Amino acid sequence: MPHPKEERTLVIIKPDGIQRSLVGEIIKRYEQIGLKLVAMKMLVPTAEHIEKHYTLDPEWRRITGEKTIKGYKDKGLTPPTEDPLEVTGILLERLKKYMTAGPVVAMVLEGAHAVKIVRKLTGGTEPLTSDVGTIRGDYVLDSYQMTDADGRSIRNLVHASGSVDEARQEIPHWFSKGELMEYRHIAEEILYN
Ligand code: ADP
Ligand code: MG
């Protein structure tokens, strides 16, 4: 078992994050809390790469579909279909269009509770309802109401692994072993020793 301070998570600054010139601002927030950058690159992902990324977990299609249907019902709205897999099919097509629209910046961050800390700083999926002080809450104003009306994916600037398991699957999908840096950061002395 690796030590908790060695936990790693994947962050992708999505095409809207690049176009809004928020790369520095976003990385700054993850750096300032004390996480260590261990990998980073810029690329235009293919649709196949994005589909694989979101379906690494075989349960993702069902869970996401059910979550989305529940979201509609909670708001008193009728979902486009009652079939969770069909709902996810629509979402996935929209996600592929969004995530391949231009370059993204992918990175791996390491540190104690990296997955949870990054999710906390990132904020909830829908920018309209994500907390003030989070990246998605502070820098973008999209909502499900907007994306439903326009038939597109929600623009929320970043992807962040949702769990330690998700991170374990996602990191090798984006980075080869040789791209992951092993080095000692001087801040580790203050944070952990
Ligand atoms: P998160 O990125 O917060 O982990 P999910 O894994 O549930 O969220 O969904 C992946 C991405 O798909 C989201 O970041 C968002 O861009 C998009 N998305 C998810 N649900 C919806 C939805 N109901 N409508 C539009 N886009 C969505
Ligand atoms: Mg997710």
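The values are calculated or read from the model by the stated rules, or taken from the named source; none is laboratory data. What you see is a predicted model; the values in this text were computed from it and never measured. Every residue, glycine among them, receives a Cβ derived from its backbone with ideal geometry; neighbour counts consider all protein chains shown.
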Would you check if Asp16 is within 16 Å of ligand 2 (Cβ to nearest atom) and among the acidic types (Asp, Glu)? no
If we keep only residues of region 31-55 that are under 27 Å from Tyr183 (Cβ atoms) and in a loop (DSSP other than H, G, I, E, B), then the residue nearest to ligand 1 (Cβ to nearest atom) is Pro45
Given Val140, Val105, which one is under 20 Å from Glu166 (Cβ atoms) and surrounded by 15 or more Cβ atoms within 10 Å (Cβ to Cβ)? Val105
The condition of being charged (D, E, K, R) and within 20 Å of Asp165 (Cβ to Cβ) holds, among Lys5, Lys96, Lys28, only for Lys5
I'm told Phe175 meets every condition in (1) at pLDDT below 95; (2) surrounded by 15 or more Cβ atoms within 10 Å (Cβ to Cβ); (3) away from ligand 2 (no atom under 16 Å from the Cβ) except one. Can you identify the failing condition by its number? (1)
Scanning region 64-76 residue by residue, those loosely packed, with under 13 Cβ neighbours inside 10 Å and not small (Gly, Ala, Ser) turn out to be Lys70, Lys73, Asp74, Lys75
May I ask you to say which residue of Ile33, Ile27, Ile13 is surrounded by 20 or more Cβ atoms within 10 Å (Cβ to Cβ) and under 23 Å from Arg168 (Cβ atoms)? Ile13
Of everything in region 143-164, what is of a type outside the set (A, V, I, L, M, F, W, C) and either over 23 Å from Lys96 (Cβ atoms) or within 9 Å of ligand 1 (Cβ to nearest atom) (or both)? Give them in sequence order. Tyr144, Thr147, Asp148, Arg152, Ser153, Arg155, Asn156, His159, Ser161, Gly162
